[in-house]
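Below is one structure; the comments refer to it alone.
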Amino acid sequence: MNVSTVERISGGILLVASALLLIEVSGPQYAVSAADEGVNPGFIPKILLFIWLLLALILLLRPRGLSSSSSVQVNWLKCSVFLGMTIAFFIAVSLIGFVPATVVFLCFCPIFMGFRPYWGSLVFGLVSTTALWVIFEKFFRLVLPTGQLLG
Amino acid sequence: MEHLLPALQDVLSPVSLVALVGGVFYGVLVGAMPGLGSVIAVTLVLPITYSMELVPSVVLVLAVYASSIYGGSITAVLINTPGTPNSAATCLDGYPMTQRGEAHLALGWVTVSSAIGGMFSIFVLLIAAEPLASIALSFGTPETFALICLAMASIISVTRDSVVKGLASAVLGLFLATIGLDPMTGDMRFDFGYFPLTAGINLIAVLMGVFAIGEVLYQFAVPEATNGKLQVASGGFRFPPLKMWLERKITLIKACLIGSFVGILPGTGGAMAAFITYAETRRAGKFRDNLGKGEPEGLIATEASNNAVTGGALVPTLALGIPGDVITAVMMSALLIQGVTPGVRMLTDNPEILYVAFVALGFANIAILVVGAMTSRLWTRVLTVPRPLLYSLIIAFALIGAYGARQNLFDMYVALLAGGIGFLMRLGKFPTVPLVIGMVLGPMFETTLRQSIILNHGGFLNFIVEHPVADILIILAIGFMLLPIFQSPNGRLRQILAKLNFVGAKSRGPSSNSSE
């Protein structure tokens, strides 16, 4: 993927986001006026979003010659599957709790990433999850997520 | 100074020494864990201090504070994941050294620079604590705002590819910091009726996402990110040759001075010191052309300065009761647990505490050098762990780090989103560090600007005109922003100026790198 393409996509996202947020910050709850400039909650965000809008336009409209001409090869399939596994892991943690979700994630994620042998990954998952639980729950007294389904 | 010897005696008691050594081991360990860092390290040690005497508890907390900052740099060097924003700039040169197979040497530079920076700050502060405190006190909100602008500009100026991208990243960070409660009026901003957003975006969650999840995703999905580049270092710790130190001595001295001074300013921290020093090194360093490619001068600049902050930050924290950053704020609570309220009264009621703190920090820095040299072989072994196992573990750590700071499930999803954004930013070669620094400095940026305007009766530019120190800092900030345009040999503005015969087209001046 060409870097300049990513720049233009980013510029487009920034433009839309800054425009929408500028509409939001211009709403009555922020009540920006010249009289209360400086103490108004919308004052700084408005400045930042305006700068953002300008930067987005620069990224979108600047000539090709000024954009980066380098490109990056991305394996989108691997990227999507790994991102999907990570999202599933995070959702699983919030639903069934840290320990069961982490055991499954740490056992299967390395296998998906190409780690062999399989049993090594299973041992890694079990040992690492136990170690993380002991270190954080017992030693550091950090309460790890228990999961909304399991209370 | 009459309190120095009794303080030395207190710190060298058996209980305090155990607290010191244990604190350094623990601090390096937690600081080195991707996704944890200084704040969690110091916070988690607080319950232990409940049952301790005053001096050992101060020693323990300070040892954890100094060593966790150093520990964060280890992961910055080895896996390009800083434990804290303080170590973010260390990635710029530490990780390229690791990619060249010089992890042991990079750890040597980092360890020794950290110890020298920390020791220097104590030496300076023992002599100049009171004058420095009075200078810091004379900084009003306009000067602090101008200093933040300088810090932001210096951060953007170190981005190699594009000032526009650096600025966009910094503005994103500043904007994220505005989400949630308005710090001055208490009004809600950008919560869109969704309750978890009312508490704002958690910085640690963003750190976990951008630096841990984003990095893992990038390394896994982009073959060239790791293709044959990462080599496992054979040795653990190598003391950098004295000749190389002498060649970079000016940067070392500058880093120590900048770190000590920045640390003493209320509300600043190691990240600001590291980036200002890095930018200064990029401007005037002897080996500036190699910065970002694995140049030890970059490591000296960032590590000596962010550790020099530790001593400086203690002055406003202990003498004025104003914490320099989040970590010193947590440290203040450790003193409150012991019934000591930091501030002017502490200097009259418990003057020895100030000296105990300085002596403890001095010994902690010596211990960092010893522990760092002894255990660095262990840290370089991080690289020998098969990558699939390491990446999976980093994701699990990132989840814990994001969740642990506020025990909030929403922060996990913030980290996940930040990971995706961090990945896209890497693809588009947007620098990620300005985003994080923007978030760190965002609340102070907003508060100081608005306070300055209010104090000057609503005049936007009045406070700039009436404050010469702020003027100088703002001019320096503008200079830093323009610097990359002029320094880039192929910069558009430089090409135009070259056509007009204002500057040479490709020359870098007489002080270019000797290695050229």
Pairs returned, first residue in region A:1-23 that is more than 8 Å from every other protein chain (Cβ to nearest Cβ) and surrounded by fewer than 18 Cβ atoms within 10 Å (Cβ to Cβ), second residue that is outside any helix (DSSP H, G or I) and aromatic (Phe, Trp, Tyr), beta-carbon separation under 6 angstrom, 6 or more apart or interchain, are none
B:Asn365 more than 10 Å from chain A (Cβ to nearest Cβ), on the phi < 0 side of the Ramachandran plot, buried (at least 19 other Cβ atoms within 10 Å of the Cβ) and among the polar types (S, T, N, Q)
yes
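For region A:114-121, does any single residue satisfy the condition of being at pLDDT below 90 and closer than 18 Å to A:Gly84 by Cα? Show your work before the answer.
So in region A:114-121, the residues at pLDDT below 90 come out as A:114-118.
From the residues that got through so far, the ones that are closer than 18 Å to A:Gly84 by Cα too are A:114.
The answer is yes; a qualifying residue exists.
Looking only at region B:179-206, count how many residues are among the acidic types (Asp, Glu) and within 7 Å of another protein chain (Cβ to nearest Cβ). Walk me through it before giving the result.
Step one: filter region B:179-206 for residues among the acidic types (Asp, Glu), giving B:182, B:187, B:191.
If we keep only those that are within 7 Å of another protein chain (Cβ to nearest Cβ) too, we end up with B:182, B:187.
The qualifying residues number 2.
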Would you say B:Val30 is within 24 Å of A:Ile135 (Cα to Cα), at pLDDT below 90, within 14 Å of another protein chain (Cβ to nearest Cβ) and in a helix (DSSP H, G or I)?
yes
For residues that are under 18 Å from B:Arg450 (Cβ atoms) and at the interface with another protein chain (Cβ under 9 Å from one of its Cβ atoms), tally how many sit in region B:164-178.
4
So, B:Gly420, is that one at the interface with another protein chain (Cβ under 9 Å from one of its Cβ atoms) and farther than 25 Å from B:Ala151 by Cα or not?
yes
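Results for (1) assigned to a loop (DSSP other than H, G, I, E, B); (2) under 16 Å from B:Leu399 (Cβ atoms); (3) more than 8 Å from chain B (Cβ to nearest Cβ); (4) in contact with a Phe, Trp or Tyr (Cβ under 8 Å, 6 or more places away or on another chain), shown as yes or no for each residue.
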site: A:Leu49; (1), (2), (3), (4): no, no, no, yes
site: A:Val74; (1), (2), (3), (4): yes, no, no, no
site: A:Lys78; (1), (2), (3), (4): no, no, no, yes
site: A:Ala92; (1), (2), (3), (4): no, yes, yes, yes
site: A:Phe105; (1), (2), (3), (4): no, yes, no, yes
site: A:Thr130; (1), (2), (3), (4): no, no, yes, no
site: A:Val134; (1), (2), (3), (4): no, no, yes, no
site: A:Leu149; (1), (2), (3), (4): yes, no, yes, no
Top-ranked residue in region B:404-417 [being modelled with pLDDT under 85 and within 8 Å of chain A (Cβ to nearest Cβ); ranked as surrounded by the fewest Cβ atoms within 10 Å (Cβ to Cβ)]
B:Gln407
Take the conditions at pLDDT below 80 and buried (at least 19 other Cβ atoms within 10 Å of the Cβ) and apply them to A:Gly38. Does it pass?
yes
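Quick check on my filter: what residues within region B:414-428 are touching a Ser or Thr at 6+ places or on another chain (Cβ under 8 Å) and assigned to a helix (DSSP H, G or I)? Before the answer, list the steps.
Of all residues in region B:414-428, those touching a Ser or Thr at 6+ places or on another chain (Cβ under 8 Å) come to B:416, B:419, B:422, B:424-426, B:428.
Residues satisfying the conditions are B:Leu416, B:Gly419, B:Gly422, B:Leu424, B:Met425, B:Arg426.
The values are calculated or read from the model by the stated rules, or taken from the named source; none is laboratory data. Since we're looking at a predicted model, the values are computed, not measured. Glycine also receives a Cβ, built like all others from the backbone with ideal geometry; neighbour counts cover every protein chain displayed.
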